[in-house]
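> Sending over a structure as C-alpha cells; questions will come in a sec.
The values are calculated or read from the model by the stated rules, or taken from the named source; none is laboratory data. Nothing here was measured: the structure is a model prediction, and the numbers come from that model. Cβ sites come from the backbone with ideal geometry, for glycine too, and all protein chains shown count toward neighbours. Side chains included, ligands, DNA and RNA excluded: accessible areas come from the protein's heavy atoms. Shrake-Rupley method; radii C 1.70, N 1.55, O 1.52, S 1.80 Å.
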Amino acid sequence: MSTIDLDRDFGIACISLPTPFPVGPVNVYVIKSDPPVLIDTGLNGDETYNLLAEGLAAHGYTYGDLGAIIVTHGHRDHIGLLGRLLREHEVDSYGHPLVQELGR
C-alpha cells in the first residue's frame, strides 16, 4: 500500500505555523489551483504573517496570488490572520458567516 502525499497526489501543500498552545503548531493548506486557495490562516501576528508568506513562497506564491481563503472554524489559530489578509490583499473569503466575522 502506498502512502498518500497531499502535494504530489492532489496539489495540496501543508504549511505548519507555530502556536503558543500545548497542542503545538497549526497546519494551514494551499490548494495549488489557478488561482491558489488558502485553507485557514494561522494566528494573528507579524511572526505568523511572515512565516506564512515564506511558506507560500516555498510553493511559488505570494499573498497577492491568492484567489480565496477558506476558514474551517473559529479557533484563533485558524482564523487569526484573516482580517489582516482581507485588509491588505484583494482576496475573497469563505466559511460560516459567524466564523468569518470573528476573523475580521
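> Scan segment 18-38 residue by residue and report those that are hydrophobic (A, V, I, L, M, F, W, C) and either closer than 25 Å to Val91 by Cα or open to solvent by less than 30 Å² (accessible area, probe 1.4 Å) (or both).
Those that are hydrophobic (A, V, I, L, M, F, W, C) and either closer than 25 Å to Val91 by Cα or open to solvent by less than 30 Å² (accessible area, probe 1.4 Å) (or both): Val26, Val28, Val30, Ile31, Val37, Leu38.
Yes/no per residue for (1) aliphatic (A, V, I, L, M); (2) not in a helix (DSSP H, G or I):
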| position | (1), (2) |
| --- | --- |
| Cys14 | no, yes |
| Pro20 | no, yes |
| Tyr29 | no, yes |
| Pro35 | no, yes |
| Leu38 | yes, yes |
| Thr41 | no, yes |
| Tyr49 | no, no |
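Quick grid of which residues meet (1) in contact (Cβ under 8 Å) with a residue 40 or more places away in the chain; (2) under 13 Å from the mean Cα position of the chain (by Cα); (3) closer than 27 Å to Asp7 by Cα:
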| position | (1), (2), (3) |
| --- | --- |
| Ile70 | no, yes, yes |
| His78 | yes, yes, yes |
| Leu82 | yes, yes, yes |
| Leu85 | yes, yes, yes |
| His89 | no, no, yes |
| Tyr94 | no, yes, yes |
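> Then there is this: Can you tell me which of Glu101, Glu54 is open to solvent by 40 Å² or more (accessible area, probe 1.4 Å), at pLDDT below 95 and either in a helix (DSSP H, G or I) or in contact with a Cys (Cβ under 8 Å, 6 or more places away or on another chain) (or both)?
Among Glu101, Glu54, only Glu101 is open to solvent by 40 Å² or more (accessible area, probe 1.4 Å), at pLDDT below 95 and either in a helix (DSSP H, G or I) or in contact with a Cys (Cβ under 8 Å, 6 or more places away or on another chain) (or both).
Conditions tested, residue by residue: (1) buried (at least 18 other Cβ atoms within 10 Å of the Cβ); (2) modelled with pLDDT under 95; (3) out of contact with any helix residue (DSSP H, G or I) (no Cβ under 7 Å at 6 or more places or on another chain); (4) of a type outside the set (Asp, Glu).
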position	(1), (2), (3), (4)
Phe10	no, no, yes, yes
Ser16	no, no, yes, yes
Asp40	yes, no, no, no
Asn50	no, no, yes, yes
Ile70	no, no, yes, yes
His75	no, yes, yes, yes
Gly83	no, yes, yes, yes
Tyr94	no, yes, yes, yes
